[in-house]
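Student: Quick one: this structure, given as structure tokens, is what I'll be asking you about.
The values are calculated or read from the model by the stated rules, or taken from the named source; none is laboratory data. Treat the numbers as computed from the prediction; the structure is a model and nothing was measured. Cβ sites come from the backbone with ideal geometry, for glycine too, and all protein chains shown count toward neighbours.
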Amino acid sequence: FNRLDWSMQSNNFGVGLPPAGKNADRWGMQGPLLADKKWIEPSPELIARTAAAFRELLQVRRSSPLFRLQSLDEVQARVGFAPDTPPGMVVMVIRDGGNGGAEPSLAQLDDHHGAIVVIINATKERTRYPDANGWLAHATGGGAKMLDPP
């Protein structure tokens, strides 16, 4: 049921109905959905693009200790969200401390960034966040990252 295809030709999704325990009452709906392979079988190209996008996200995570906060207290002290963002957009700010950090009262974790802004656009439309002017895109290729197929 949960088999990994290292050749990246298939992802083995939808090869059977989920276990009956919590799902049997939904099998009538799930069966026909799983039978329509065009909706659930990604192409090898899409599997490769998804794997590349995931590797890129891991590079971004590795690029700063601010992406690897270790406790609830650290997250609550350093992470904030912009108010009044457009519908479907999340703007997260992760602040560093020390001299040159966005929040001097916190310990410095990152020698290169005083703060990091992460913008997620969950809509299908291309959009801009006007308050992002002056921020630099990540060095993995910069700019917008399209993680879903067009």
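Student: So if I check each of 17, 69, 33, 4, which one is touching a helix residue (DSSP H, G or I) at 6+ places or on another chain (Cβ under 8 Å), part of a loop (DSSP other than H, G, I, E, B) and either over 30 Å from residue 109 (Cα atoms) or not assigned by TED's automatic domain parsing to the domain that holds residue 117 (or both)?
Tutor: 17
Student: Still on this structure: Only one residue in 104, 86 is closer than 22 Å to residue 129 by Cα, in the same structural domain as residue 127 (by TED's automatic domain parsing) and either modelled with pLDDT of 90 or more or in a loop (DSSP other than H, G, I, E, B) (or both), so which one is that?
Tutor: 86
Student: Tell me, please, whether a residue that is over 22 Å from residue 129 (Cβ atoms), among the basic types (Lys, Arg) and part of a helix (DSSP H, G or I) can be found in the range 50-61.
Tutor: Yes, because at least one residue in the range 50-61 is over 22 Å from residue 129 (Cβ atoms), among the basic types (Lys, Arg) and part of a helix (DSSP H, G or I).
Student: Just for the range 107-134: of the residues that are part of a loop (DSSP other than H, G, I, E, B) and small (Gly, Ala, Ser), which one is nearest to residue 80 (Cα to Cα)?
Tutor: Per the criteria, the residue is 114.
Student: Which condition number in (1) of a type outside the set (Lys, Arg); (2) loosely packed, with under 15 Cβ neighbours inside 10 Å; (3) in contact (Cβ under 8 Å) with a residue 40 or more places away in the chain is the one that residue 109 fails?
Tutor: With (1) of a type outside the set (Lys, Arg); (2) loosely packed, with under 15 Cβ neighbours inside 10 Å; (3) in contact (Cβ under 8 Å) with a residue 40 or more places away in the chain applied to residue 109, the lone miss is (2).
Student: Let me ask another. Those residues that are of a type in the set (Gly, Ala, Ser) and closer than 21 Å to residue 3 by Cα, I need them from the range 13-40; list them, please.
Tutor: 14, 16, 20, 21, 31, 35
Student: On to the next question. Pairs please, first residue from the range 28-49 and under 15 Å from residue 10 (Cα atoms), second anywhere and part of a helix (DSSP H, G or I) and among the polar types (S, T, N, Q), Cβ atoms under 9 Å, 6+ apart in sequence or on different chains.
Tutor: Every condition considered, the pairs that remain are 42/50.
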